[in-house]
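Asks: Take a look at this one; I'll ask things after.
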Amino acid sequence: MKKLLGIALGVLTAIGGFVDIGDLVTNAQVGARFGLSLAWVVMLGVLGICVFAEMSGRVAAVSGRATFDLVRERLGPRMGLLNLVGSMGVTLLTFVAEIGGVALALQLVTSVNHVLLVPAVALLVWLILWRGRFSVMEDVLGLLGLALVVFAVALVHLGPDWSALAHEWLTVDKPGEESWSTWAFYAVALFGAAMTPYEVFFFSSGGVEEKWTAKDIGLMRANVLIGFPLGGLLSLAIAGSASVVLGPEGITVDTLGQVGMPVAEAFGKIGLAVAILGFVAATFGAACETGLSVGYSVAQYFGWQWGKYVRPDVAARFHLLLGGVTLLAVAVLVTSVDPIMVTEMSVVFSAVALPLTYFPILVVANDHDYMGEHVNGRLANGLGSFYLVVVGVAAALAIPLMIWTRMGA
Amino acid sequence: MGNRADMRTTAPRVLLALVLLVGPPLLAGCAPGTPDAGAWRADASRATGDVRSEVATVGLALRRHDDLFDSYLQTMVVDAEEAAGAAAEKLSAVQPPTAELERHEEVTSTLDDAASLLSEVRIAVVRHEPLTPYVGRLTATADELDGLEQRLRRPAG
């Protein structure tokens, strides 16, 4: 019974923790402009993140060491540094976007300008990174993130033309007035949002924090293979509800307030309160995860003591770094840069960094010395190789499409 | 390394080449560049679409204002007003090509009117005034912007 509860809790927190500011904004933008014609990209991205999260979780469970730790050792400092710079740069950008996202969500209930809220939000994030217990942070914020299920319920309640939605989904039916280049840009952005690198760093480092062993592989797989796809359904529900409510009005999404409108239309103030709770939990949880991921990746590369399972004074450099990146995020956001724009940039650059993140994981998961009998099988290698081609194409297209379409304008 | 005499004869030539290469673009940078008619239409159409989206957002928010918290509605309206103002201002800074001068007047004036309407709505929302009268005006403005956006996809004349 206890084991079953553990699996249920893991799956629920994986669902609630799946969506972040990038998923919220990008899915709503795509839903409003393209309906469900890009739903296949979300599905492709969710399967991809499942493949690599399972691999990195397995590596952590078997070796007791996290991704960057092994990447540098297995592929050498140069490849490790390339991996670090690409992935950490994107994760840092995502961290800035998530803190901005929390401030934007709080602005919706306080009407205080988000720039004024940023220092308080950042202080709270830093306090949790410094003092909060890892399991409490992950479980509480993950469970509160489940409030976003309100988007799925709202979609059903709104009573859309399901056959029209299914037609868009299955026929990849792009609206006539949109260009294929813009459609392709958003496909890459959605893919980047679904496969954002920090998720695997956080997942594998979290496994080390929670002292996974080979016995925990089953639980880890349940979290990934059930939790992540259900989290992906939340992304599709956000896109679907935006398609039903915002699409017919010709609204292009550029604020978090617009993202919540379908829920307000379906359930009024009560539904909206639940959605805002979901926004805050999802972005706050992701801010903690991305902040930690920056610290994890740097500390693991340089061989510093890291993690929340050791006292802060033992992992002083790790905690100093967390404080430093939090200050950096505040410095960026108080310039009045639009957090939504930072989010859009982060998902595009996430697509660019994907090969740097996922290629080393595939190599390490194939190393018998680390993995023993748990080395990648044919299925994992087949899927991993397929996804390396896909992420390579997405990475190559991301910047040219961003310039060509002027960020999908 | 060349000797000093070589440098004396080469240096003015290099300077002249640099002036010829860099001068015209720098001088051109002093005056606003004039986009061709197609590029201006694309910019104008994008700005009109952006403002239309903001007007439609506020229209939707006002229709559902009983379902929104005051702070939520205020934030949405302020965001829309700022975004519409920025889009209108950005387009007004673009030098219109001669063939599109007439439409430039029409577009900038329509965008300014839409931004002013959003400012009126923001004042009404913050002052808790009745909002129903604005719904019709917002719908009409969104329709007008939609028509203008469609027309901007074709050359003038």
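The values are calculated or read from the model by the stated rules, or taken from the named source; none is laboratory data. The structure presented is a predicted model; accordingly, all values stated were derived computationally and were not measured. For neighbour counting, all protein chains shown are included, and Cβ atoms are generated from backbone atoms with ideal geometry for every residue, glycine included.
Asks: Considering only the stretch A:274-330, state which residues are outside any helix (DSSP H, G or I) and farther than 22 Å from A:Phe18 by Cβ.
Replies: A:Gly303, A:Trp304, A:Gln305, A:Trp306, A:Gly307, A:Tyr309, A:Val310, A:Arg311, A:Pro312, A:Asp313, A:Val314, A:Ala315
Asks: Of the residues in the stretch A:223-235, how many are surrounded by fewer than 21 Cβ atoms within 10 Å (Cβ to Cβ) and either aliphatic (A, V, I, L, M) or not in a helix (DSSP H, G or I) (or both)?
Replies: Residues in the stretch A:223-235 being surrounded by fewer than 21 Cβ atoms within 10 Å (Cβ to Cβ) and either aliphatic (A, V, I, L, M) or not in a helix (DSSP H, G or I) (or both): 4 in total.
Asks: Of the numbered conditions (1) more than 14 Å from chain B (Cβ to nearest Cβ); (2) surrounded by fewer than 24 Cβ atoms within 10 Å (Cβ to Cβ); (3) among the β-branched types (Val, Ile, Thr); (4) not in a helix (DSSP H, G or I), A:Thr196 satisfies every one except a single condition; which is it?
Replies: (2)
Asks: Moving to a separate point now. Within 20 Å of B:Asp146 (Cα to Cα), among the hydroxyl-bearing types (Ser, Thr, Tyr), at pLDDT 95 or above and part of a helix (DSSP H, G or I), is that true of B:Ser53?
Replies: Yes.
Asks: Which residue, of A:Val42, A:Val59, is in a helix (DSSP H, G or I) and either more than 24 Å from A:Ser346 (Cβ to Cβ) or of a type in the set (Lys, Arg) (or both)?
Replies: A:Val59
Asks: Working only within the stretch B:81-119, note down all residues that are part of a helix (DSSP H, G or I), more than 24 Å from B:Leu131 (Cα to Cα) and of a type in the set (S, T, N, Q).
Replies: B:Ser92, B:Thr98, B:Thr108, B:Ser109
Asks: Just to be sure before I move on: is A:Leu356 hydrophobic (A, V, I, L, M, F, W, C) and over 19 Å from the mean Cα position of the chain (by Cα) in the structure I sent?
Replies: Judged against the criteria, A:Leu356 is not a match.
Asks: Could you grab me the full set of residues in the stretch B:68-82 that are surrounded by fewer than 22 Cβ atoms within 10 Å (Cβ to Cβ), more than 16 Å from B:Arg127 (Cβ to Cβ) and facing chain A (nearest Cβ under 8 Å)?
Replies: Answer for the stretch B:68-82, where residues must be surrounded by fewer than 22 Cβ atoms within 10 Å (Cβ to Cβ), more than 16 Å from B:Arg127 (Cβ to Cβ) and facing chain A (nearest Cβ under 8 Å): just B:Phe69.
Asks: Name the residue, out of A:Phe185, A:Phe134, A:Phe151, that is modelled with pLDDT of 95 or more, within 25 Å of the chain's Cα centre (by Cα) and aromatic (Phe, Trp, Tyr).
Replies: A:Phe151 is the lone residue from the list that is modelled with pLDDT of 95 or more, within 25 Å of the chain's Cα centre (by Cα) and aromatic (Phe, Trp, Tyr).
Asks: Hey, can you tell me all the residues within the stretch B:47-69 that are touching a residue at least 12 places away in the same chain (Cβ under 8 Å) and of a type in the set (D, E, K, R)?
Replies: B:Asp50, B:Arg52, B:Glu54, B:Arg63
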